[in-house]
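Q: The following block contains the structure, expressed as structure tokens.
The values are calculated or read from the model by the stated rules, or taken from the named source; none is laboratory data. The shown structure was predicted, so the numbers you read here are calculated from the model rather than taken from an experiment. As a convention, Cβ positions derive from the backbone with ideal geometry for all residues, glycine included, and neighbour counts pool all protein chains shown.
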Amino acid sequence: MPLPWLRPEHAAVAGPFEPPELEPHLRAAGIERTVLVQAVGSDDDTDYMLEHAARHDSIGGVVAWAALASPARAAARLHELAAEPKLRGVRHQIHDEEDEHWILQPSVLESLALVEERGLILELSVVWPRHLGDVPTLAERFPDLTIVVDHLGKPPLDEDLGAWADALRRAAAQPNVAAKISGLNTATSRPDWSADDLRPALEVALDAFGPERLIWGSDWPVALLNGDYERVWSESRRAVEALAPDALDEVFGGTVRRLYRLTD
């Protein structure tokens, strides 16, 4: 399916990527279930993911797209998707919107009330500093909505982390906010990145959220822009183990099983 955000610099991820290509990576890492997350604002993309989820046991959940800016359309779509046993959440690529506070529009907030009502997760493709400050506002407005900040809000790994860390801690102060340790390899320009490059951001995240609100994610296939699945998996584990070895089980399995209701 064509992705409108693809540019020449994304050539490594321009082709089709489907479960048979992912499953060897899952087996190598000892992962039994994964979660598919939308990559384009399209009902067709959601249907495509759900079709794969129905055929592959390795897919434990799907985070779909819904037209949040249109409450009537969002309501109809969420009603339709309620029959899908692997639906776990909703995401809109807010980082592609010109309005950095798109998620706080009245129409979007009306739709988010429906997401909360249905017990779905809201994933946010947060990019610091444009969006992270809106997370506490959303969390306070929808206290029963679980919000997952993707990619730790894209910390500026090649720069000073102070302002990002303050913003992440404010988000983490809300008990219904969790975060993904994902996409960090594309948050640095270093092609030779390693666990040492990830560790400063992970130290902040572990302190702010604790392992019970942190989820490792591969960001595959986007991870191929600066690494690969195995390297992201192994270097992320090395970084967490160096900081909090007792957190490994939660960060690399326990939290996602609980929040996304994945079955073994």
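Q: Can you pull out the residues in the stretch 147-163 that are out of contact with any Ser or Thr (no Cβ under 7 Å at 6 or more places or on another chain), crowded, with 22+ Cβ neighbours inside 10 Å and touching a residue at least 40 places away in the same chain (Cβ under 8 Å)?
A: From the stretch 147-163, those out of contact with any Ser or Thr (no Cβ under 7 Å at 6 or more places or on another chain) are 147-149, 152-156, 159-163; that's our starting set.
Pick out the ones that are also crowded, with 22+ Cβ neighbours inside 10 Å and you get 147-149, 152-155.
Matches in the stretch 147-163: Val148, Leu152, Pro155.
Q: OK, next. Can you find, within the stretch 226-253, the residue that is nearest to Arg199 (Cα to Cα) among those that are touching a strand residue (DSSP E or B) at 6+ places or on another chain (Cβ under 8 Å) and among the aliphatic types (A, V, I, L, M)?
A: Among residues in the stretch 226-253 that are touching a strand residue (DSSP E or B) at 6+ places or on another chain (Cβ under 8 Å) and among the aliphatic types (A, V, I, L, M), the one nearest to Arg199 (Cα to Cα) is Val240.
Q: Of everything in the stretch 54-84, what is basic (Lys, Arg), closer than 17 Å to Gly41 by Cα and surrounded by fewer than 19 Cβ atoms within 10 Å (Cβ to Cβ)? Give them in sequence order.
A: The initial filter retains those residues of the stretch 54-84 that are basic (Lys, Arg), namely 55, 73, 77.
Keeping just the survivors that are closer than 17 Å to Gly41 by Cα gives 73, 77.
Listed by number, the list holds a single entry, Arg73.
Q: Given the structure, is Arg199 among the basic types (Lys, Arg), out of contact with any Cys (no Cβ under 7 Å at 6 or more places or on another chain), closer than 26 Å to Gly89 by Cβ and in contact (Cβ under 8 Å) with a residue 40 or more places away in the chain?
A: Numbers: among the basic types (Lys, Arg): yes; out of contact with any Cys (no Cβ under 7 Å at 6 or more places or on another chain): yes; closer than 26 Å to Gly89 by Cβ: no; in contact (Cβ under 8 Å) with a residue 40 or more places away in the chain: yes.
Considered against the rule, which asks whether it is among the basic types (Lys, Arg), out of contact with any Cys (no Cβ under 7 Å at 6 or more places or on another chain), closer than 26 Å to Gly89 by Cβ and in contact (Cβ under 8 Å) with a residue 40 or more places away in the chain, Arg199 comes out as no.
Q: For the stretch 5-28, check the following and say yes or no: at least one residue is at pLDDT 95 or above, closer than 27 Å to Thr255 by Cα and part of a loop (DSSP other than H, G, I, E, B).
A: no
Q: Which of the residues that make up the stretch 142-189 are under 19 Å from Tyr260 (Cβ atoms), of a type in the set (A, V, I, L, M, F, W, C) and under 14 Å from the mean Cα position of the chain (by Cα)?
A: Ile147, Val148, Val149, Leu152, Val177, Ala178, Ala179, Ile181
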